[in-house]
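The values are calculated or read from the model by the stated rules, or taken from the named source; none is laboratory data. The structure presented is a predicted model; accordingly, all values stated were derived computationally and were not measured. We place every Cβ from the backbone using ideal geometry, glycine too, and count neighbours over all the protein chains shown.
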Amino acid sequence: MGKIEENKQLKLDALFSSAYDLFLSQGIVKTSIHDIVQKAGVAKGTFYLYFKDKYEIRDRLIAETARKLFLAAHAELQKSDIPSFEDKMIFIVDYVIGKLEKNKPILRFISKNLSWGVFRQAVTKTEDDTELSSMEYFQQLIQADPSLRLRAPETMLFLIAELASSACYSTILENEPVSFEELKPDLYNAIRAIIRAHTLPAAEHP
């Protein structure tokens, strides 16, 4: 990497780091582009070289945070011997929620701002260093279970993501209507029910 490219990367990293800190500490509504560039030590024009507005940098930060969470969950999943897609999904959800439960500012940031479009495009890497979108990654998990055929898998994943996200926010951050530990069995049963509702009977397999 040449000196010019290195300087560009340093400025971009500073913008990401500053925006992330500010979004976590004071929220996106109270954070201005001026705040971000001032904390990063760069000119406002530099910000607009990389981002259209603060919502674009927010989306990229959320995608990167989601990528890191799923990458860590995938690494742990590879150490296990879980055969079925249903159990793999519960493992991943449990792992991600466990990490978010320990870092409530990140949970608040993600839960309030994670859209399906951002989640869908979040990129992770497999053990052979192949980059995959979240949808491609979950498609691989589905294909790894030869006994499984699903209808509308993207709709299924959307429902699971929305359910888990809203349940986390209410129970972990607000302890309502019950604690997360109390809710966990019902949440995971609901996720299993969503998967089974989208599973085709053996007679309908192509």
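Evaluating Glu86 against the criteria (1) acidic (Asp, Glu); (2) touching a Ser or Thr at 6+ places or on another chain (Cβ under 8 Å); (3) under 28 Å from Leu150 (Cα atoms) leaves one unmet condition, (2).
For the stretch 37-45, check the following and say yes or no: at least one residue is among the polar types (S, T, N, Q), out of contact with any Gly (no Cβ under 9 Å at 6 or more places or on another chain) and modelled with pLDDT under 95. No; the residues of the stretch 37-45 include none that is among the polar types (S, T, N, Q), out of contact with any Gly (no Cβ under 9 Å at 6 or more places or on another chain) and modelled with pLDDT under 95.
Could you tell me whether the stretch 16-35 includes any residue that is more than 20 Å from Phe109 (Cα to Cα) and of a type in the set (A, V, I, L, M)? No.
Evaluate the stretch 52-68: report whether one residue or more is in contact with a strand residue (DSSP E or B) (Cβ under 6 Å, 6 or more places away or on another chain) and either crowded, with 19+ Cβ neighbours inside 10 Å or under 30 Å from Ile92 (Cβ atoms) (or both). Yes, that holds for at least one residue.
So if I check each of Tyr188, Tyr169, which one is touching a Lys or Arg at 6+ places or on another chain (Cβ under 9 Å) and of a type in the set (Ser, Thr, Tyr)? None of the other options fit; the residue is Tyr169. The residues of the stretch 24-41 that are of a type in the set (Val, Ile, Thr) and part of a helix (DSSP H, G or I), listed by number, are Ile33, Ile36, Val37.
Against the test of being part of a helix (DSSP H, G or I), β-branched (Val, Ile, Thr) and modelled with pLDDT under 80, the options Ile110, Ile97 yield a single qualifying residue, Ile110.
Considering only the stretch 42-81, state which residues are aromatic (Phe, Trp, Tyr), farther than 19 Å from Glu136 by Cβ and part of a helix (DSSP H, G or I). Before the answer, list the steps.
We begin by selecting, within the stretch 42-81, every residue aromatic (Phe, Trp, Tyr); these are 47-48, 50-51, 55, 70.
Applying the additional criterion that residues be farther than 19 Å from Glu136 by Cβ yields 47-48, 50-51, 55.
Selection gives Phe47, Tyr48, Tyr50, Tyr55.
Considering the stretch 13-26, and only residues there that are out of contact with any Leu (no Cβ under 9 Å at 6 or more places or on another chain) and surrounded by 14 or more Cβ atoms within 10 Å (Cβ to Cβ), the residue that is modelled with the lowest pLDDT turns out to be Leu24.
Could you check how many residues of the stretch 169-194 are hydroxyl-bearing (Ser, Thr, Tyr), in a helix (DSSP H, G or I) and without any contact (Cβ under 8 Å) to a residue 60 or more places away in the chain? Qualifying residue count, the stretch 169-194: 2.
How many residues are in contact (Cβ under 8 Å) with a residue 24 or more places away in the chain and among the charged types (D, E, K, R) when one looks only at the stretch 29-55?
The total comes to 1.
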